[in-house]
Amino acid sequence: MSDLRIRPAGPEDLDTVLAFWRTAAEGTSISDDRDGVERLVARDPEALLLAERGGELVGTVIAGFDGWRCHLYRLAVHPDHRRRGIGPALLTAADERFVRLGGRRGDAMVLVRNERAQHAWRAAGYEPQEQWRRWVKPLTG
């Protein structure tokens, strides 16, 4: 694992990240476009964490903190690099970021149908909160 490098994404990484998510992430989001990710990196330059091995992007996680809650999105590991500790390393980096910022609890959005992800989150110490539902409303400008 010593050859794994975790770092924040910069503007120069965005096209690579978007292409990576098409291969490695489960599902798509309304924010999975250049404008959405560009706004994220501009607003919080340390939120989008990249895992690289040998200069190749092998994993991502968004570790967003709004000053009150710690939110995790887009934990994704390239299919050819799974089960090698990349996901846990990204979550450790996210946890460390949250602690530095004063965060108290991380939460993650996990698709109900994505059983592989549920196992990974559970192994990392997360558990579902069945009493909550996610409510969404697409916003138009």
With the 8 Å Cα cutoff and a minimum separation of six or more residues, region 53-105 has a relative contact order in percent of 39
Got a sec to turn the phi values of region 83-89 into Karplus ³J(HN,Hα) couplings, 6.51 cos²θ - 1.76 cosθ + 1.60 with θ = phi - 60°, whole Hz, x for Gly and Pro?
6, 10, x, 6, x, x, 5
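Order R104, R134 by their accessible area, 1.4 angstrom probe, all chains in place, largest first. Write down the numbers at each step before the final one.
On the way: R104 225, R134 170 Å².
These residues rank, largest area first, as R104, R134.
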How long, wide and thick is region 25-141, going by the Cα atoms along their three principal axes, in whole angstroms, largest first?
40, 34, 30
Can you pull the one-decimal nm distance between simple spin-label points at R43 and T140, each 7 Å off the Cα toward Cβ?
2.1
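Explain nothing, just the number: dipole magnitude of region 40-121 about its Cα centre with +1 on each Lys and Arg Cβ and -1 on each Asp and Glu Cβ, in debye rounded to the nearest 20.
Details: 13 positive and 10 negative charges, 45 e Å.
Its charge dipole is roughly 220 debye.
Chymotrypsin sites (Phe, Trp or Tyr not before Pro), restricted to region 99-141: which are DSSP loop and have at most 14 other Cβ atoms within 10 Å?
Filter output for region 99-141: W132, W135.
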Could you run the Karplus curve 6.51 cos²θ - 1.76 cosθ + 1.60 with θ = phi - 60° over region 12-23 and give me ³J(HN,Hα) per residue in whole Hz, x for Gly and Pro?
6, 8, 5, 5, 5, 4, 4, 5, 4, 4, 5, 8
Cα-based Rg and Dmax for region 1-56, where Dmax is the largest Cα-Cα distance (Å)
11.6, 35
Go ahead and set up a Gaussian network model of the chain, Cα springs under 10 Å, then flag whichever of A123, A51, A24 fluctuates most.
A123
Modelled label reach - N114, point 7 Å along Cα→Cβ, region 1-24 residues with backbone N closer than 13 Å
21-24
Scattering curve values for region 78-141, log₁₀ I(q)/I(0), Debye with Cα scatterers, q = 0.18, 0.21, 0.29 Å⁻¹
-0.85, -1.03, -1.30
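The values are calculated or read from the model by the stated rules, or taken from the named source; none is laboratory data. Source: prediction; values computed, not measured. No Cβ is skipped: glycine too gets one built from the backbone with ideal geometry, and neighbour counts run over all protein chains shown. What goes into the accessible areas is simple: the full protein's heavy atoms, side chains included, and nothing from ligands, DNA or RNA. Shrake-Rupley method; radii C 1.70, N 1.55, O 1.52, S 1.80 Å.
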